[in-house]
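Undergrad: Sharing a structure with you now.
The values are calculated or read from the model by the stated rules, or taken from the named source; none is laboratory data. In this text, all values refer to a predicted model and were calculated from it rather than measured experimentally. We place every Cβ from the backbone using ideal geometry, glycine too, and count neighbours over all the protein chains shown. In case anyone asks, the SASA skips ligands and DNA or RNA and just uses the protein heavy atoms, side chains included. Shrake-Rupley method; radii C 1.70, N 1.55, O 1.52, S 1.80 Å.
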Amino acid sequence: MTSLTYKCMKCGTCCFEIEGQPGSKRIPLYPEEVDVLIEIAKERGVEFNVIEDLVFPDVLNQKLLVVTYKIRLNNPKTCCPFYSLKKGCTIHQIKPFACQAYPLSLIQLDAFNFQISIDSSCPYVIKYHEILNNCGLDEIKEIFKDEYPKAERFYRKNKKIMLKIHRLEYKKKIKIPRNISIKEFNNALEKWDRVELRVK
Ligand code: SF4
Ligand code: SF4
């Protein structure tokens, strides 16, 4: 058993765009999280923009189902608008599921299945990657003892949304194609209305 215990190095890397890769950083937000952050941004006079992140095309209704958005980081500092160089995250108490769990994250295994993973772009993970690579699940839970339960909550929330999609499909209210060409998907992105998928 390792004696390692995760401690954030407060470097801010997770709140910034990946250097040299504009648009590639993913800080996912559920629609209800976007609503909250829009209000905070308004109160603070901060510019806050999101773009769609995880979406499913519903060919039955010709709608794009939005599961998550991601924060746009295309500002001069290329960071989350709620990040302060002096204070770090300025919405720490209400930060999104993804930020609470980080450096644990959800990776997509296939269209509807996700898994808790460790993000390799966090400097703490980079520093201890050899130890972390050799840890079993119980050790990972121990090392990330505050973050793992948050990652599990994040996972459960995502799972609920996937179940909602399956239920809607079962009731024939929507139809998500298992194979869709890039051309068809781009057409949907361009032309179809959006419907947000929300669960409590
Ligand atoms: S990148 Fe990792 S170490 Fe740096 S602030 Fe984010 S969680 Fe902490
Ligand atoms: S909400 Fe906070 S932790 Fe999340 S990206 Fe923004 S500043 Fe960083």
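Undergrad: Give segment 65-102 a look and list any residue that's of a type in the set (V, I, T), free of Cβ contacts under 8 Å to residues at least 60 places away in the same chain and more than 8 Å from ligand 2 (Cβ to nearest atom), or say none.
TA: Answer for segment 65-102, where residues must be of a type in the set (V, I, T), free of Cβ contacts under 8 Å to residues at least 60 places away in the same chain and more than 8 Å from ligand 2 (Cβ to nearest atom): T68, I94.
Undergrad: Being modelled with pLDDT under 95, surrounded by fewer than 19 Cβ atoms within 10 Å (Cβ to Cβ) and farther than 28 Å from L132 by Cβ is the requirement here; does N75 meet it?
TA: So N75 passes the test.
Undergrad: Conditions: (1) within 11 Å of ligand 2 (Cβ to nearest atom); (2) within 27 Å of L132 (Cα to Cα); (3) touching a Cys at 6+ places or on another chain (Cβ under 7 Å); (4) of a type outside the set (F, W, Y). R26 meets all but one. Number of the miss?
TA: In the conditions (1) within 11 Å of ligand 2 (Cβ to nearest atom); (2) within 27 Å of L132 (Cα to Cα); (3) touching a Cys at 6+ places or on another chain (Cβ under 7 Å); (4) of a type outside the set (F, W, Y), R26 misses (3) alone.
Undergrad: Mind listing just one residue for me: the one in segment 170-200 that is surrounded by 10 or more Cβ atoms within 10 Å (Cβ to Cβ) and basic (K, R) and, of those, nearest to D58 (Cα to Cα)?
TA: K175
Undergrad: A further question follows. Any idea which of (1) outside any loop (DSSP other than H, G, I, E, B); (2) more than 13 Å from ligand 2 (Cβ to nearest atom); (3) surrounded by 15 or more Cβ atoms within 10 Å (Cβ to Cβ) is the one L37 doesn't satisfy?
TA: That leaves (2) as the condition not met.
Undergrad: A further question follows. Take segment 91-107 and flag every residue that is over 25 Å from R167 (Cα atoms) and more than 14 Å from ligand 1 (Cβ to nearest atom).
TA: Scanning segment 91-107 gives I91, Q93, I94.
Undergrad: Only one of P81, P103, P96 is surrounded by 17 or more Cβ atoms within 10 Å (Cβ to Cβ) and in contact with a Leu (Cβ under 6 Å, 6 or more places away or on another chain). Can you tell me which?
TA: After applying the criteria, what remains is P96.
Undergrad: Another one. Which residues, counting only those in segment 114-138, are among the polar types (S, T, N, Q) and within 15 Å of ligand 1 (Cβ to nearest atom)?
TA: Selection gives S117, S120, S121.
Undergrad: Now, a different point. Taking the stated definitions as given, is K150 basic (K, R), out of contact with any Pro (no Cβ under 8 Å at 6 or more places or on another chain) and surrounded by 13 or more Cβ atoms within 10 Å (Cβ to Cβ)?
TA: yes
Undergrad: Identify all residues within segment 1-31 that are under 21 Å from L104 (Cβ atoms), open to solvent by 30 Å² or more (accessible area, probe 1.4 Å) and of a type outside the set (A, V, I, L, M, F, W, C); write none if there are none.
TA: Residues satisfying the conditions are T2, S3, T5, Y6, K7, K10, T13, E17, S24, R26.
Undergrad: Could you check, for segment 53-71, whether at least one of its residues is at negative phi, buried (at least 20 other Cβ atoms within 10 Å of the Cβ) and within 16 Å of ligand 1 (Cβ to nearest atom)?
TA: Yes, some residue in segment 53-71 is at negative phi, buried (at least 20 other Cβ atoms within 10 Å of the Cβ) and within 16 Å of ligand 1 (Cβ to nearest atom).
Undergrad: Inside segment 108-119, can you point out the residues that are more than 18 Å from K164 (Cα to Cα) and touching a helix residue (DSSP H, G or I) at 6+ places or on another chain (Cβ under 7 Å)?
TA: I116, I118, D119
Undergrad: Given the conditions (1) assigned to a strand (DSSP E or B); (2) under 27 Å from E17 (Cβ atoms), and given that V195 satisfies all but one, which numbered condition is not satisfied?
TA: Of everything listed in (1) assigned to a strand (DSSP E or B); (2) under 27 Å from E17 (Cβ atoms), V195 misses just condition (2).
Undergrad: Also, I was wondering about something else. Confirm whether L106 is in contact (Cβ under 8 Å) with a residue 12 or more places away in the chain, closer than 30 Å to E184 by Cα and part of a loop (DSSP other than H, G, I, E, B).
TA: no
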